[in-house]
1. Scanning the range 203-239 for residues that are among the polar types (S, T, N, Q) and either within 24 Å of Thr159 (Cβ to Cβ) or within 16 Å of the chain's Cα centre (by Cα) (or both), which turns out modelled with the lowest pLDDT?
2. I'd like the full set of residues that are closer than 27 Å to Gly130 by Cα and crowded, with 21+ Cβ neighbours inside 10 Å, limited to the range 150-168.
3. Could you grab me the full set of residues in the range 30-67 that are hydrophobic (A, V, I, L, M, F, W, C), surrounded by fewer than 16 Cβ atoms within 10 Å (Cβ to Cβ) and within 29 Å of the chain's Cα centre (by Cα)?
4. Would you confirm whether any residue within the range 103-112 is surrounded by fewer than 20 Cβ atoms within 10 Å (Cβ to Cβ), among the small types (Gly, Ala, Ser) and in contact with a helix residue (DSSP H, G or I) (Cβ under 6 Å, 6 or more places away or on another chain)?
5. Can we say Ser268 is small (Gly, Ala, Ser), surrounded by fewer than 17 Cβ atoms within 10 Å (Cβ to Cβ) and either in the same structural domain as Glu184 (by TED's automatic domain parsing) or within 20 Å of Pro110 (Cβ to Cβ) (or both)?
6. Failed condition for Gln118, given (1) over 23 Å from Pro224 (Cα atoms); (2) touching a Leu at 6+ places or on another chain (Cβ under 8 Å), with all others met?
7. Restricting attention to helices (runs of 4 or more DSSP H) lying wholly within the range 91-190, give those where 2 or more residues are at pLDDT below 95 and in the same structural domain as Ala240 (by TED's automatic domain parsing).
8. Out of the range 21-47, which residues are more than 27 Å from Ser221 (Cα to Cα) and out of contact with any Leu (no Cβ under 8 Å at 6 or more places or on another chain)?
Amino acid sequence: MRKRVLGTNLRRLREERGLFLEDAAEQLSCHAAKVSRIESGRSGIRQLDLKVLLDLYGVKDPAERDGWLALARESRRQRWWRVLEDQLPQEFLDLVGLEDEVSECRGFQPGIVPGLFQTEAYATAVIQGGIPGPLDDAQKTKVRVRMERQKALTRTDPTPLKVWMILGEAALRQQVGGPGVLREQLLHLVELAQLPNVTLQVLPFTAGACQGGPYPFLIYSFPPPAGLEVVLLENFASHAYLETREDTARLGGAFDHLRAAALSAMESESRIVEIAEGLTES
């Protein structure tokens, strides 16, 4: 994912300078196809070559150059989930990689608590899909990875992932795993909402129709120097990543509309506690 981010932004720098692939290739003494592979994220780039391109693209500020060089170094570093490549679907690995790289996540989930916020019992019930019995090895791996992903919320290097999530009221009432599991999950949401990097809002049933419809989405933002956003659309069968500015702007507008229609953070916390207490009585 870092290779994609690095390549996409190198292409942006080149195009802003009005240069062609051949211009960059000439500076690197290579074929234009190599530059194309770098810009598409299919190949990494050496620090020396990156410095040459930064000179060509007019990036002179030392701090900004250091950011680009650090991004290139990180793109070559092996990540903890790579040992699981033969055990998990590629789209799941892509999602884990994305959350490990970005600095901010905004999103809307109308019908289920998102993976970053799930308790182990809730995650187990989701992954079982309503089928009783013990988990198989693949399911156990998914639960373990889901719990590992959540460390992004409390990590120290880099800074914790900043998350602003809007949950549909249905996500708080669907009794995934039964009343006890859901109650534990709701109280966990209240705890997470106390983190300074987590903002949680509830979209109540009374909000009615909202821009974007009842469809879940996530918007991931990369830290400088990338300045890139990626939208994730996820359904039962597949993941789709949207990276154009038109797509990210459209979904960003939908998120702002949902944020305005949702309960405030304080009202949301009260609603979550209210639903949890109702489960206690059942």
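1. Ser238
2. Met165, Ile166, Leu167, Gly168
3. The answer is Ala63, and nothing else.
4. The answer is yes, given that some residue of the range 103-112 is surrounded by fewer than 20 Cβ atoms within 10 Å (Cβ to Cβ), among the small types (Gly, Ala, Ser) and in contact with a helix residue (DSSP H, G or I) (Cβ under 6 Å, 6 or more places away or on another chain).
5. Against the criterion (small (Gly, Ala, Ser), surrounded by fewer than 17 Cβ atoms within 10 Å (Cβ to Cβ) and either in the same structural domain as Glu184 (by TED's automatic domain parsing) or within 20 Å of Pro110 (Cβ to Cβ) (or both)), Ser268 does not qualify.
6. Result: Gln118 fails condition (2) only.
7. 120-128, 137-149
8. Glu22, Ala25, Glu26, Ser29, Cys30, His31, Ala33
The values are calculated or read from the model by the stated rules, or taken from the named source; none is laboratory data. None of these values were measured; they are calculated from a predicted model. So basically every Cβ, Gly included, is an ideal-geometry build from the backbone, and we count neighbours across all protein chains shown.
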